[in-house]
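A.B. asks: Let me begin by handing over the structure; questions about it come next.
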Amino acid sequence: MSGMFEGWTLAVLTTVGAKSGLRRESILGYLEFDGKGIVVASANGADKHPAWYHNIRKNPIVTVETGTDTYQAIAAIPPGQERDKLFDRVIAEAPGYADHQAKTTREIPVVVLHRIGPKAGEERVKGMGDWIVEVHDWLRKELETLRAQADQVIEGGADTIERTPPDLAQQMRTHCLNFCGALKKHHGGEDMAMFPMLAKQFPALAPALAQLGEEHTVVARLQDDIQQLVDRFVPGETDPVELRANLERLANQLESHFRYEEETIVTALNATAPAPDFG
């Protein structure tokens, strides 16, 4: 290979057409930094982004073929200073890209290809997405415990005082504090850090992330209602039916929210970040 690609690895990048929905193949120069594939949307210095770049902004899941390796990846678009640092590394290895940038006022994007899943023969590493699912599962169990406690009170009927353990109200308050506190912290972390980071790197996810943020507001209001009901609950005096109905509403709302979140962001999180280590 001669010219700017001399001595380079080339890759076939398969994307899904932003308008057509059809698979499109592009032959690109391919670099690898820190174990991640790198491609550059230079279009030889043209004033418009190449079509494949528009495709990944609509659907970031791609296939990469390098001749020695074929893998699925999720294509991230690093913003701002992160892009600038990557471009400096790119032109240090492939100076031709500096010439391309000099031809246009368009800032040439650098795209990072995060492999989905491990390389052949390597053990899969637990990712941030896996950890998010585990957090959801813990929250699901805590909410199920609250619902079971409310059921226990309802089943007592007129004999609630005699048939309900004297500490049940305190147990419910403790579980509600644990559950509501953990859920608020979880959603707060997503709204403040995780969602903005994902939206910058993966423009295609931005609408879904905005929807998830709006759902957090709805869930927070319902949480506050339930917390007040639990705090005021007195076995034998307070009607538990309203509490149980609100717990059911929250459970249904959360399950729908969790499933949508897991379908939307788990792949991106697993590919871009390892699970946190609290050990």
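Here, each number is a calculation from the coordinates, and none is a lab measurement. This is a predicted model, so every value here is computed, not measured. Heads up, the Cβs are rebuilt from the backbone with ideal geometry, glycines too, and the neighbour counts pull from every protein chain shown.
A.B. asks: With θ set to phi - 60°, apply the Karplus curve 6.51 cos²θ - 1.76 cosθ + 1.60 along the stretch 59-70 and write out the HN-Hα couplings as whole Hz, x wherever there is a Gly or Pro.
C.D. replies: In residue order, the calculated couplings are 9, x, 7, 10, 10, 10, 10, 9, x, 10, 8, 10 Hz.
A.B. asks: Could I have the simple spin-label model distance between Glu123 and Arg147, label points 7 Å from Cα toward Cβ, reported in nm to one decimal?
C.D. replies: Label at Glu123, label at Arg147, 3.6 nm between them.
A.B. asks: Could you name the lysines whose alpha carbon sits less than 30 Å from that of Lys185, not counting residues in the same chain fewer than 8 places away?
C.D. replies: Answer for Lys185, where 30 Å is the Cα cut-off: Lys126, Lys141, Lys200, listed by chain and number.
A.B. asks: Once phi is turned into θ = phi - 60°, what whole-Hz ³J(HN,Hα) does the Karplus curve with 6.51, -1.76 and 1.60 give for every residue of the stretch 39-56, x standing for Gly and Pro?
C.D. replies: Whole-Hz 3J(HN,Hα) from phi for the stretch 39-56: 10, 10, 8, 7, 6, 6, x, 5, 7, 10, 5, x, 4, 4, 5, 4, 4, 6.
A.B. asks: Less than 16 Å apart at the alpha-carbon level, and either on another chain or at least 8 residues along: which aspartates and glutamates does that give for Lys119?
C.D. replies: Output for Lys119: Glu32, Asp34, Glu65, Asp69.
A.B. asks: For the chain, what does the helix formula give at 222 nm: sum of -39500 (n - 2.57) over DSSP H segments with n ≥ 4, over the residue count, nearest 500 deg cm²/dmol?
C.D. replies: -18000 deg cm²/dmol
A.B. asks: Across the stretch 10-115, how many lysine pairs, 8 or more positions apart or on different chains, have C-alpha atoms separated by under 25 Å? Please give the number.
C.D. replies: Final tally of qualifying lysine pairs is 9.
A.B. asks: Asp99 to Arg115: extension gain in nm, 0.36 nm per residue of separation minus the Cα-Cα distance?
C.D. replies: Full extension of this stretch gives 2.8 nm more.
A.B. asks: State log₁₀ I(q)/I(0) for the chain at q = 0.07, 0.13, 0.14, 0.15 Å⁻¹ as given by the Debye formula over alpha-carbon point scatterers of equal weight, solvent excluded.
C.D. replies: After summing over all Cα pairs, the log10 values are -0.39, -0.89, -0.98, -1.07.
A.B. asks: Put +1 on the Cβ of every Lys and Arg and -1 on every Asp and Glu Cβ in the stretch 10-115; which of Ala51, Tyr30, Leu13 then has its Cα farthest towards the positive end of the dipole?
C.D. replies: Value: Ala51.
A.B. asks: Can you give the angle from 0 to 90° between the axis of helix 240-272 and the longest principal axis of the chain, with both taken from C-alpha atoms, to the nearest 10?
C.D. replies: 20 degrees
A.B. asks: Between Ala245 and Asp130, 0.36 nm times their residue separation minus their Cα-Cα distance comes to what? Don't skip to the answer; put the middle values down first.
C.D. replies: On the way: separation 115, 0.36 × 115 = 41.40 nm, distance 3.08 nm.
Full extension from Ala245 to Asp130 adds 38.3 nm.
A.B. asks: Can you give the charge dipole size of the chain about its Cα centre, rounded to the nearest 20 debye, using +1 on the beta carbon of Lys and Arg and -1 on the beta carbon of Asp and Glu?
C.D. replies: Once rounded to the nearest 20, the dipole reads 1140 debye.
A.B. asks: On a 0 to 90° scale, report how tilted helix 206-232 is relative to the longest principal axis of the chain, with both axes built from alpha carbons and the result rounded to the nearest 10.
C.D. replies: It is inclined by approximately 20 degrees.
A.B. asks: Something else now. Projecting each Cα onto the charge dipole of the chain (Lys/Arg +1, Asp/Glu -1 at the beta carbon, about the Cα centre), which of Ala210, Val39, Val125 comes out farthest on the positive side?
C.D. replies: Of Ala210, Val39, Val125, it is Val39.
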